[in-house]
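Read through the structure below, which is laid out as structure tokens, and then see the notes.
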Amino acid sequence: MSKNVSIKYAIDWTTVVYFVLLVFMGWISIYGASYDFDQTGILDWEQRAGKQFVWILTAFGLGGMLLLVDYKMYNFFAYVIYAVVILLLIVTIFVAPDIKGSRSWLVMGPISFQPAELAKMATALALSRFMSAYNYKVKGWRDLLPLSLFILLPFALIILQKETGSALVFLAFTLMLYREGMNGIILLLGVLAIFLFVVVVKYSEVLVGVDQGSLGMLIAAVTLLLIQFGYALLYTKHRRESLYLIAGVVATVGLTLLINVWYRVNFDYVSVFVVIASGFYWVYMALFRRFRKFWMLAAVSVGAIVFSYSSDYLFEKVLEPHQQIRIKVLLNMEDDLTGAGYNVNQSKIAIGSGGLWGKGFLNGTQTKLKYVPEQDTDFIFCTVGEEHGFWGSTLVLVIYWLLLMRLLTIAERQRETFNRIYAYCVTSIFFFHLMINIGMVLGIMPVIGIPLPFFSYGGSSLWGFTILLFILLRLDASRLERMH
């Protein structure tokens, strides 16, 4: 027999408490970051804190409205919401004004709104609807193709708006796909791609000898060979074939060094030759010896070499100059403390100057003198570090950690596939924002310009995260509304 439970009892109030705490602490931090000495108070409507308070009130109202919607409507209208947001993203490309080099904001009188914030919610709903239909399973590459289209379409449209940071957030959905059965090798390939890109870019100008190739390509080749040997030796039973290849590589390297005594050899060509030759060796094993597991080694070998050679092109031709400089500063290829590295350097100075207990509320010199650009938006966390010190920063991070753990708990207890997938989408998005934003402020992640959830100034960001969270709370409450 079923039992009706009121929404006020079914809602996860622990998550609501974390939400209110973070919003309130973010509001206080915005006031501290944007405070002027002639400001009348925190509710001065002409200042950032006063404007954010209005957005907070509307966010609370929006959250309440989302809780009143029948939970089945989110599933039923998932594709419609996705289609509407996609159209909105397309329109934005053509009608949005150029603001700091991007066309991602729709301006309606005194109000500006960024549709990309809604795209995360819409994509999460669409993925949940598609994957919950017909007991969909993520088992192979074919299963990933339609899911990739759902993710890459808004990703590409946001890239066309020249809003790279917001687009990269869509990579967070891979964490949900991994939870839903995607092979972990795909995540490892992603890590390998990032490693190869960093190595090739960072060491492309470090030469091995005089005009004998770059250290970056040599490191990439050695890494790929080690991966091949490790996989073949540890995860297959064909160790003899692996030893044959090792002997062949050693012989090739030895012959190269011998030839180099009389004739200068370009080690780039040798590196590429060895990796591609190893790839053909695995193709031979897969075709004629019928060792199917070696197909992947062949594909990875050839694909990785192509990717490594294209990394320089991607870096020089695809990325914008300011993005190149940011990556170079992050990789310690350049010290640009007055240019691209200025934000991060000033942010680290502000956080470090806070010490253990901080300088006190409204007493931060770095923030009051406006040394840190975007200090109430993307770099809001440096205000927390300067004014409240190590312990204040730790408290904020602990609350975020508790929120993430609570979201994981909510995801795991869902009975319906749609609800579970959406919960993991939300958790992945929050985790990605936290990891990138905090890492960016501390100088261990590239500066890509994404907000800190519930802390950064702006109505689009606050509404976006509120919608994500409160749709999840509504879906979670449906577990208890009708218990059997």
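Any read-out appearing in this document is the output of simple, stated calculations on the displayed coordinates, not a laboratory observation. Computed from a predicted structure; not experimentally measured. Glycine also receives a Cβ, built like all others from the backbone with ideal geometry; neighbour counts cover every protein chain displayed.
In the chain, a dipole from Cβ-located charges (positive for Lys and Arg, negative for Asp and Glu) runs towards its positive end, and of I327, I450, I227 it is I227 whose Cα lies farthest in that direction.
The angle between the Cα long axis of helix 116-132 and the longest principal axis of the Cα atoms of the chain comes to about 70 degrees, rounded to the nearest 10. Which entries in K51/K72; K72/K120; K8/K137; K72/K137 show an alpha-carbon gap greater than 25 Å? Pairs exceeding the cut-off: K51/K72; K8/K137.
Assuming 0.36 nm per residue, please report the length gained on full extension of the stretch W13 to L397 beyond their Cα-Cα distance.
Values: separation 384, 0.36 × 384 = 138.24 nm, distance 1.99 nm.
Gain on stretching W13 to L397: 136.3 nm.
Against the chain, whose longest principal axis comes from its Cα atoms, helix 13-34 is set at around 90 degrees. Computed on the Cα trace of segment 69-215, the radius of gyration divided by the Kirkwood hydrodynamic radius gives Rg/Rh = 1.10. For the pair I259 and L145 in one chain, pulling the backbone fully straight at 0.36 nm per residue adds 36.3 nm over the alpha carbon distance. The residue list T367, F315, A96 was ranked by how far each Cα lies along the charge dipole of the chain toward its positive end, using unit charges on Cβ atoms, and F315 comes out on top. Mean residue ellipticity, 222 nm, helices only, the chain: the sum of -39500 (n - 2.57) across DSSP H runs of n ≥ 4, divided by residue count and rounded to 500, is -23000 deg cm²/dmol.
Seen from P451, the other residues with C-beta closer than 11 Å to its C-beta sum to a net charge of -4, counting Lys and Arg as +1 and Asp and Glu as -1. In this simple spin-label approximation, R415 and M108 carry label points 7 Å from Cα along the Cα→Cβ vector, and these lie 3.9 nm apart. Between the Cα long axis of helix 380-412 and the first principal axis of the chain there is an angle of about 80°, rounded to the nearest 10. Between F24 and I93, the simple label model (points 7 Å from Cα in the Cβ direction) yields a spacing of 4.4 nm.
Separation of segment 414-484 from segment 63-122 is 16 Å, based on Cα centroids. Each of the peptides 183-191, 302-310 was scored by the mean count of other Cβ atoms within 10 Å over its residues; in descending order, highest first, they stand as 302-310, 183-191. Taken about its Cα centre, the chain carries a charge dipole of about 2060 debye when Lys and Arg each add +1 at the Cβ and Asp and Glu each add -1 at the Cβ.
Expressed as a fraction of 2.2 N^0.38 Å, the value expected for a compact globular protein of N residues, the C-alpha radius of gyration of the chain is 1.12.
I need the peptides 100-112, 386-398 ranked by packing, meaning the mean over residues of other C-beta atoms within 10 angstrom, with the highest value on top.
Details: 100-112: 13.2, 386-398: 18.3.
Top of the packing list down: 386-398, 100-112.
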